[in-house]
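Everything on this sheet refers to the single structure shown next.
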Amino acid sequence: MKNFKSSKESRVSITELMLPSHSNFGGKVHGGHILNLMDQIAFACASKHSQSYCVTASVNRVDFLNPIEVGELVTLKASINYTGKTSMVVGVRVESENVTTGLVKHCNSSYFTMVAKGKDGKNNTVPGLILKTKQDIRRFARSKEHKESAFQRDNKYESANFKVNDFLDFLQGENAMMDFD
């Protein structure tokens, strides 16, 4: 296995026609179906980069920007944005295309943290990432910063460290009523 790979070496894309069986009660494509496709492509991309079986450790926020209609083509694109020792951040972009008008819509983007696993179930070391472009550096830096801020946020709100009085002013004006002892 190589010590370093470029994101281009593990890029993956899939296109799928959205069928009536993919729709929700509102007649649009069900978000759960899109999330499933996103997880599949993140797995494929991470596995291709690491040459290992991979599992999803976390998914960064998913905002559904535009609805996807039955009959549209949905294209998902995935690439490695960040590599740690055993984990990778996979950027996933979802676009829909109306086949009759050619209109392409950006529907959502998200970031999946995937962990490489060995046959023994233990974490595998992954190849590092070769940063070739300004875009590669931007994506790597963004993922690194997100990872660090998530760690700080998790520690800040950890139950053992949480001090209610530190947050009472912060919660003023919110749609909540405090009724605790």
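The values are calculated or read from the model by the stated rules, or taken from the named source; none is laboratory data. Nothing here was measured: the structure is a model prediction, and the numbers come from that model. Positions of Cβ are backbone-derived with ideal geometry, glycine not excepted, and every protein chain shown enters the neighbour counts. To get the accessible areas, we keep the full protein, side chains included, count just its heavy atoms, and leave off ligands, DNA and RNA. Shrake-Rupley method; radii C 1.70, N 1.55, O 1.52, S 1.80 Å.
Given the pairs Lys134/Lys156; Lys5/Lys122; Lys48/Lys144; Lys28/Lys117; Lys119/Lys156, which are separated by over 26 angstrom at their Cα positions? Present the calculation step by step, with values, prior to reporting the outcome.
Values: Lys134/Lys156 33 Å; Lys5/Lys122 22 Å; Lys48/Lys144 21 Å; Lys28/Lys117 36 Å; Lys119/Lys156 36 Å.
Flagged as over cut-off: Lys134/Lys156; Lys28/Lys117; Lys119/Lys156.
If exposed GluC sites (Glu not before Pro) are those in a DSSP loop with at most 10 other Cβ within 10 Å, what is the longest stretch of the chain that has none?
Longest stretch, sites excluded: 1-157.
In nm, to one decimal, how far is the Lys28 label point from the Thr101 one, both placed 7 Å along Cα→Cβ?
1.5
Which percent of the accessible heavy-atom area of segment 1-63 goes to carbon and sulfur, probe 1.4 angstrom? Intermediate results must be reported in sequence, preceding the final value.
Details: 2030 of 3710 Å².
C and S fraction of accessible area: 55 percent.
Under a 5 Å amide H to amide H cut-off, with H placed in plane at 1.01 Å, what residues pair with Gly71 once short-range neighbours are removed?
Met18, Leu19
Please list, by residue number, every one of the chymotrypsin sites (Phe, Trp or Tyr not before Pro) in segment 117-173 that is coil in DSSP and has at most 12 other beta-carbon atoms within 10 Å. Intermediate results must be reported in sequence, preceding the final value.
Numbers: sites: Phe140, Phe151, Tyr157, Phe162, Phe167, Phe170; in loops: Tyr157, Phe162, Phe167, Phe170.
Listed in order of number, the matching sites are Tyr157, Phe162, Phe167, Phe170.
Collect residues whose amide H, placed 1.01 Å from N in the peptide plane, falls under 5 Å from the amide H of Leu129; neighbours closer than 5 in sequence don't count.
Under 5 Å from the amide H of Leu129 lie the amide H atoms of Lys5, Thr83, each far enough along the sequence or on another chain.
Tell me which chymotrypsin sites (Phe, Trp or Tyr not before Pro) from segment 33-106 have a DSSP coil assignment and no more than 11 other beta carbons within 10 Å of their own. Present the calculation step by step, with values, prior to reporting the outcome.
Numbers: sites: Phe43, Tyr53, Phe64, Tyr82; in loops: Phe64.
For chymotrypsin sites (Phe, Trp or Tyr not before Pro) across segment 33-106 that sit outside H, G, I, E and B with at most 11 neighbouring Cβ atoms in 10 Å, the list is empty.
Among Val164, Val104, Val29, whose mean-square fluctuation peaks in a Gaussian network model of the chain (Cα, cutoff 10 Å)?
The residue that fluctuates most here is Val164.
Between Tyr157 and Val70, with labels modelled 7 Å along Cα→Cβ, what's the label distance in nm to one decimal, could you check?
It works out to 3.8 nm between the two label points.
Which of rounded, prolate, oblate describes segment 1-41, given a ≥ b ≥ c as roots of the alpha-carbon gyration tensor eigenvalues and a/c under 1.5 marking rounded, otherwise prolate only if a/b is larger than b/c? Can you show the working numbers first?
On the way: a/c = 5.12, a/b = 3.42, b/c = 1.50.
Judged from the Cα gyration tensor, segment 1-41 comes out prolate (a/c at least 1.5, a/b above b/c).
With θ set to phi - 60°, apply the Karplus curve 6.51 cos²θ - 1.76 cosθ + 1.60 along segment 71-87 and write out the HN-Hα couplings as whole Hz, x wherever there is a Gly or Pro.
x, 7, 8, 10, 10, 10, 10, 9, 8, 6, 9, 7, 10, x, 6, 10, 10
How big is the dipole moment of the chain about its Cα centre under a simple scheme where the beta carbon of each Lys and Arg is +1, that of each Asp and Glu is -1, and everything else is neutral? Debye, nearest 20, please.
Working: 24 positive and 19 negative charges, 263 e Å.
The calculation lands at about 1260 debye.
Tell me the trypsin sites (Lys or Arg not before Pro) within segment 64-156 that lie in a loop according to DSSP and have at most 14 other beta-carbon atoms within 10 Å.
Lys85, Lys119, Lys122, Lys132
Under a Cβ-Cβ cut-off of 14 Å, what is the net charge of the residues other than Val12 that fall near it, where Lys and Arg count +1 and Asp and Glu count -1?
Values: positive: Lys5, Lys8, Arg11, Lys48, Lys77, Arg93; negative: Glu9, Glu16, Asp39.
In short, +3.
Answer rounded, prolate or oblate for segment 117-181, using the Cα gyration tensor with square roots of eigenvalues a ≥ b ≥ c: rounded when a/c is under 1.5, else prolate when a/b is larger than b/c, else oblate. Don't jump to the answer; show the numbers that get you there.
Working: a/c = 4.18, a/b = 1.95, b/c = 2.14.
Because a/c hits 1.5 or more and a/b fails to exceed b/c, segment 117-181 counts as oblate.
Give the shape of the chain as rounded, prolate or oblate, defined through the alpha-carbon gyration tensor: a ≥ b ≥ c are the square roots of its eigenvalues, a/c under 1.5 means rounded, and otherwise the shape is prolate if a/b is larger than b/c and oblate if not. Walk me through the intermediate numbers first.
Values: a/c = 2.04, a/b = 1.14, b/c = 1.79.
It comes out oblate by the Cα gyration axes.
For segment 111-181, what is the charge dipole size about the Cα centre, in debye to the nearest 20, if Lys and Arg each add +1 at the Cβ and Asp and Glu each add -1 at the Cβ?
Working: 13 positive and 11 negative charges, 198 e Å.
I would put it at about 960 debye.
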